[in-house]
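Worksheet: the structure to be examined is printed underneath.
The values are calculated or read from the model by the stated rules, or taken from the named source; none is laboratory data. Here the structure is a predicted model, which means the values were calculated and not measured. Don't worry about glycine lacking a Cβ; one is built from the backbone with ideal geometry, like all the others, and counts go over all protein chains shown. These area figures cover heavy atoms from the full protein model, side chains too; ligands, DNA and RNA do not enter into them. Shrake-Rupley method; radii C 1.70, N 1.55, O 1.52, S 1.80 Å.
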Amino acid sequence: CSNEILSIVAMLCVPDCFIRPKEATQAADEARSRFAHIDGDHLTLLNVYHAYKHNHGNESWCRENFINYRSMISADNVRKQLARLMGRFDLKLVSSDFHSPNYYINIKKCLVAGFFMQVAHLERVKVECR
């Protein structure tokens with residue numbers, strides 16, 4: 001699922017893609033909820049990127065859905081750069097089948113595998129005071 005991870009990383013590298021104008025907070029929140037994924041922000045960002053690409057990067061679609069068009073253009077550029085880097089290192093761009101019941105599970109496994117160095121282990125040590 002390197003394709004999906006590229007999209008998530010690109011979205012994390014740009015300013016927040018969601019717009020929440022004061023005069024339309026409820027509409028913006030409703031629009032954001034359409035992209036929300038129960039398993040967290042990473043998959044929500046992936047949903048936004050997929051929807052953006054599915055709508056051919058249309059600026060009016062972004063405006064209607066309270067998505068920052070400039071952030072999406074930047075994310076697309078970052079993703080293309082990362083894809084070129086992967087190509088230089090002969091790393092394959094692969095995707096899971098979107099209709100597979102394991103689609104999001106596979107992506108979460110990839111994310112967790114990448115985060116393993118960021119995990120801490122708490123050891124309880126008894127300290128004796130004298």
Against the definition (open to solvent by less than 100 Å² (accessible area, probe 1.4 Å), part of a helix (DSSP H, G or I) and among the charged types (D, E, K, R)), how does residue 108 come out, yes or no? yes
Taking interchain pairs and intrachain pairs at least six residues apart, which have beta carbon atoms under 7 angstrom, with the first residue in region 9-24 and within 14 Å of residue 47 (Cβ to Cβ) and the second surrounded by 17 or more Cβ atoms within 10 Å (Cβ to Cβ) and aromatic (Phe, Trp, Tyr)? 11/49; 18/66
I'm trying to understand the selection: among the residues of region 47-100, which are at positive phi and open to solvent by 60 Å² or more (accessible area, probe 1.4 Å)? 56, 90
Selection status of residue 4, of a type in the set (D, E, K, R), touching a residue at least 40 places away in the same chain (Cβ under 8 Å) and in contact with a helix residue (DSSP H, G or I) (Cβ under 8 Å, 6 or more places away or on another chain): yes
Find the residue count for region 1-25, including only residues that are among the acidic types (Asp, Glu), within 16 Å of the chain's Cα centre (by Cα) and surrounded by fewer than 13 Cβ atoms within 10 Å (Cβ to Cβ). 1
Name the single residue that is nearest to residue 105 (Cα to Cα) among those in region 37-46 being surrounded by 14 or more Cβ atoms within 10 Å (Cβ to Cβ) and free of Cβ contacts under 8 Å to residues at least 60 places away in the same chain. 44
Just one of the numbered conditions (1) of a type outside the set (S, T, N, Q); (2) without any contact (Cβ under 8 Å) to a residue 12 or more places away in the chain; (3) touching a strand residue (DSSP E or B) at 6+ places or on another chain (Cβ under 9 Å) is not true of residue 69; which one? (3)
Here is a check on your reading of the model: is residue 28 farther than 28 Å from residue 105 by Cβ, small (Gly, Ala, Ser) and crowded, with 18+ Cβ neighbours inside 10 Å? yes
